[in-house]
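Quick notes on the structure that follows.
The values are calculated or read from the model by the stated rules, or taken from the named source; none is laboratory data. These numbers come from a predicted model, not from an experiment. Here the Cβ positions follow ideal geometry from the backbone for every residue, glycine too, while neighbour counts run over all protein chains shown. Note: areas computed on protein heavy atoms with side chains; ligands, DNA, RNA excluded. Shrake-Rupley method; radii C 1.70, N 1.55, O 1.52, S 1.80 Å.
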Amino acid sequence: MILLTLTIFRLSDALSAPLVLEDRPQGQRAEGYLSVLRDPSGRLDFDQVRERSFTPLAGQAGFGFTHDAIWLKLDVHENTGALEPDDGHWWLEVALPSLDDLRLYVPDADGHYRMTRVGDHQPFAERPLAHRLFIFPLALPGPGTYSLYLRVATGDSLAVPVRLWGPQSLRERMAHENLWLGISYGLILGMLIYNAFLWIALRDSLYGIYVLACLTSLVVILELNGHAYQYLWPTNLWLADYQHALIPALHFIALSWWVRRFLDTPRKAPVFDLALRGITLAALGMIALSIADQYAIGNQLAFWVGTTMTLLIFVATLRVLWRGYRPARLFLLAQFAPLVGALLTLARALGLAPDTLWIEHAFQMGVSLEVMLFSLALAQRIELLRQEKQQAQQRAETDPLTGLFNREGLSRRVSDLCDRRAPYALMVVDLDRFKPVNDQLGHEAGDAVLIAVAERMRALVRAEGDSVARIGGDEFVLILRGMTHETDAGVVAAKLLESLATAIPTPAGEVRIGASIGIALSPADGQQLARLLQVADQAMYRAKQDGRNRWHYDGHRNGY
């Protein structure tokens with residue numbers, strides 16, 4: 001009880017002492033020096049308020065969602081010589097740009113009070129200082145102790161973070177702050193422009209959805225910092241008031257769309273996909289409430305929708321990551337960036353972290369990092385899709401037994417050569433004595449023979465430019481780029497016949513086979529694959545008729 005009494009007396013002494021004005025680099029917080037008076041009716045005038053008693057406010061001036069008009073009283077003391085004559089005057093800052101109506105009453109030399117009014121319900125041009133926050137000039141009559149009165153009313157969550165600045169420290173603070181804000185905005189804008197160009201170039205709708213989510217993230221940061229009203233709609237009072245519900249709603253819609261598409265939740269996490277669709281409906285409800293002049297409900301709904309959405313995205317990402325989707329790792333990491341930034345900003349507000357600019361703007365830097373990580377995750381996803389598409393195409397164009405091209409792969413290869421107008425020789429290779437291997441030794445031995453033939457064909461062709469395909473049970477095709485004469489192709493054919501004459505080991509023992517080879521030349525014998533296969537087939541059958549285990553060309557002249 002004694003300790004509680006001493007604590008109360010010390011707190012009372014601290015609150016009764018005025019704030020001594022000093023031009024400090026970080027300004028002077030008003031916490032611990034403020035007194036409060038609530039006006040539930042909102043009708044008390046300044047003279048009535050001065051006659052009322054104020055209650056000391058020990059902590060931060062935060063009041064949540066309230067319809068009351070809040071009056072704050074702050075006693076300040078200016079010492080002689082605290083400011084140089086040419087420095088100007090003090091400044092009072094309220095660092096929350098979403099407040100509707102603020103009125104500061106400052107005494108003058110005659111003992112009267114002059115009132116300065118700002119807020120979202122006032123045109124931006126009427127602010128005494130063109131700044132994203134509410135900054136009032138504090139021209140005191142001279143050295144002495146004075147009482148300042150601040151009236152605040154808003155439809156948003158009401159908090160009044162008051163800080164006092166000297167002229168020099170305020171100038172330095174604004175310069176450093178602009179640097180941090182420029183970095184943050186620049187990072188987001190850079191990612192937006194870069195991915196917008198990719199969207200235009202690649203025509204991939206996922207890039208467009210990312211750009212939309214990135215754009216709404218940027219506008220949300222602009223709105224939270226007060227720059228949206230300052231630069232985008234400085235004369236639109238309705239939008240200045242309703243932006244705090246409308247812009248988050250648009251961001252929720254874009255972000256949920258982006259998450260659903262990126263994580264492919266309809267297939268990979270259908271339950272979470274349904275929940276994210278619900279977030280979109282709730283965001284549309286926020287917009288409808290704002291249009292219906294139910295801004296207070298829509299604004300409070302923004303907090304719950306945003307909190308629910310954050311949790312949903314986090315759990316959905318874990319679910320998709322658990323199912324083996326690699327890009328979800330970066331996506332999950334991206335979600336921690338703004339969360340860490342918000343915790344640092346909160347810790348600063350509670351006095352648990354240093355009062356530095358980078359911590360003050362940690363949340364928006366976190367959002368900037370989130371946007372960058374989202375972009376990296378998108379690039380990783382696109383690369384994964386490209387690889388999957390390439391693998392699917394390879395599977396569609398590849399013979400599963402030998403790993404050679406199949407007929408579809410052969411067709412694409414020939415089409416590429418025709419597009420480049422490159423001459424080539426096409427050889428059809430039909431194995432001799434292969435059917436008895438399958439019939440007498442079994443399909444396992446037959447498969448071993450086909451695999452060995454494929455390996456020997458690969459060993460004969462050049463690594464670049466030439467191709468080998470299996471287009472039938474025991475029928476193969478070789479593409480030899482750059483060959484314009486049948487004798488050149490015949491040299492390769494002869495080497496292949498020699499290679500195939502060597503015994504092939506199989507699970508059922510060694511076997512010996514041969515081959516009959518037909519040759520066609522492009523463009524001499526045609527350019528279409530069907531035509532070249534027809535010419536080469538005829539030459540191959542001629543080789544079989546002539547005794548097998550040989551090559552033949554039915555074009556300009558025969559060869560052996």
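Residue-wise test of (1) assigned to a helix (DSSP H, G or I); (2) without any contact (Cβ under 8 Å) to a residue 24 or more places away in the chain; (3) out of contact with any strand residue (DSSP E or B) (no Cβ under 7 Å at 6 or more places or on another chain); (4) surrounded by fewer than 20 Cβ atoms within 10 Å (Cβ to Cβ).
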{"position": "Ala493", "(1), (2), (3), (4)": "yes, no, no, no"}
{"position": "Thr506", "(1), (2), (3), (4)": "no, no, yes, yes"}
{"position": "Gly509", "(1), (2), (3), (4)": "no, no, yes, yes"}
{"position": "Ala520", "(1), (2), (3), (4)": "no, no, no, no"}
{"position": "Gln527", "(1), (2), (3), (4)": "no, no, yes, yes"}
{"position": "Gln534", "(1), (2), (3), (4)": "yes, yes, yes, yes"}
{"position": "Ala543", "(1), (2), (3), (4)": "yes, no, no, no"}
{"position": "Asn549", "(1), (2), (3), (4)": "no, no, no, yes"}
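In summary, strands (runs of 3 or more DSSP E) completely within the range 102-201 and bearing 2 or more residues that are open to solvent by less than 50 Å² (accessible area, probe 1.4 Å) and at pLDDT 90 or above occur at 113-118, 134-138, 144-153, 162-165.
Condition test on Asp416, is it surrounded by fewer than 19 Cβ atoms within 10 Å (Cβ to Cβ), among the acidic types (Asp, Glu) and more than 25 Å from Tyr541 (Cβ to Cβ)? The answer is yes for Asp416. Of the residues making up the range 323-335, none is under 30 Å from Arg531 (Cα atoms) and at pLDDT 85 or above.
May I ask you to list the residues in the range 83-101 that are among the acidic types (Asp, Glu), within 48 Å of the chain's Cα centre (by Cα) and not in a strand (DSSP E or B)? First the steps, then the outcome.
First pass over the range 83-101, keeping only residues among the acidic types (Asp, Glu): 84, 86-87, 93, 100-101.
Next, from what is left, pick out any that are within 48 Å of the chain's Cα centre (by Cα): 87, 93, 100-101.
Listed by number, the residues that qualify are Asp87, Asp100.
Out of curiosity, is Ala245 within 21 Å of the chain's Cα centre (by Cα) and open to solvent by less than 50 Å² (accessible area, probe 1.4 Å)? Here the answer is no, as Ala245 does not meet what is asked. With the structure loaded, tell me whether Leu350 is touching a Gly at 6+ places or on another chain (Cβ under 8 Å), open to solvent by 40 Å² or more (accessible area, probe 1.4 Å) and at pLDDT below 80 or whether it fails that test. Here the answer is no, as Leu350 does not meet what is asked. Of all residues in the range 59-71, those satisfying the criterion of being within 42 Å of the chain's Cα centre (by Cα) and assigned to a strand (DSSP E or B) are Gly62, Phe63, Gly64, Phe65, Ala69, Ile70. Going through (1) open to solvent by less than 80 Å² (accessible area, probe 1.4 Å); (2) modelled with pLDDT under 85 one by one, Leu339 falls short only on (1). Considering each residue of the range 304-319 in turn, none proves to be closer than 24 Å to His67 by Cα and more than 26 Å from the chain's Cα centre (by Cα).
Within the range 469-477, can one find any residue that is of a type in the set (Asp, Glu), in a strand (DSSP E or B), open to solvent by less than 10 Å² (accessible area, probe 1.4 Å) and modelled with pLDDT of 85 or more? No. Scan the range 224-242 residue by residue and report those that are in contact (Cβ under 8 Å) with a residue 40 or more places away in the chain, crowded, with 19+ Cβ neighbours inside 10 Å and within 26 Å of the chain's Cα centre (by Cα). The answer is Leu224, Asn225, Gly226, Tyr229. Met483 passes every criterion in (1) without any contact (Cβ under 8 Å) to a residue 12 or more places away in the chain; (2) part of a loop (DSSP other than H, G, I, E, B) apart from (1). Going through (1) assigned to a loop (DSSP other than H, G, I, E, B); (2) within 22 Å of Gly226 (Cβ to Cβ); (3) of a type in the set (Ser, Thr, Tyr) one by one, Thr80 falls short only on (2).
Counting only residues that are surrounded by 15 or more Cβ atoms within 10 Å (Cβ to Cβ) and not hydrophobic (A, V, I, L, M, F, W, C), how many does the range 60-87 have?
Going through the range 60-87 one residue at a time, the tally reaches 6.
Residues of the range 399-409 include none that is closer than 20 Å to Gly555 by Cβ, within 48 Å of the chain's Cα centre (by Cα), of a type outside the set (Asp, Glu) and surrounded by fewer than 18 Cβ atoms within 10 Å (Cβ to Cβ).
Looking at the range 1-58, which of the residues that are in a helix (DSSP H, G or I) and open to solvent by less than 30 Å² (accessible area, probe 1.4 Å) is modelled with the lowest pLDDT?
The selected residue is Leu15.
Among the candidates Glu498, Glu455, Glu464, the residue that is acidic (Asp, Glu), surrounded by fewer than 22 Cβ atoms within 10 Å (Cβ to Cβ), under 48 Å from the mean Cα position of the chain (by Cα) and in a helix (DSSP H, G or I) is uniquely Glu455. Can you tell me which residue in the range 384-421 is farthest from Gln527 (Cα to Cα), limited to those that are among the acidic types (Asp, Glu) and assigned to a helix (DSSP H, G or I)? For the range 384-421, the residue satisfying everything is Glu388. Taking the criterion of being open to solvent by less than 10 Å² (accessible area, probe 1.4 Å) and either closer than 24 Å to Asp525 by Cα or modelled with pLDDT under 90 (or both), the residues of the range 422-436 that qualify are Tyr424, Ala425, Leu426, Met427, Val428, Val429, Leu431. Among residues of the range 259-271 being open to solvent by less than 50 Å² (accessible area, probe 1.4 Å) and part of a helix (DSSP H, G or I), the one that is nearest to Ile382 (Cα to Cα) is Phe262.
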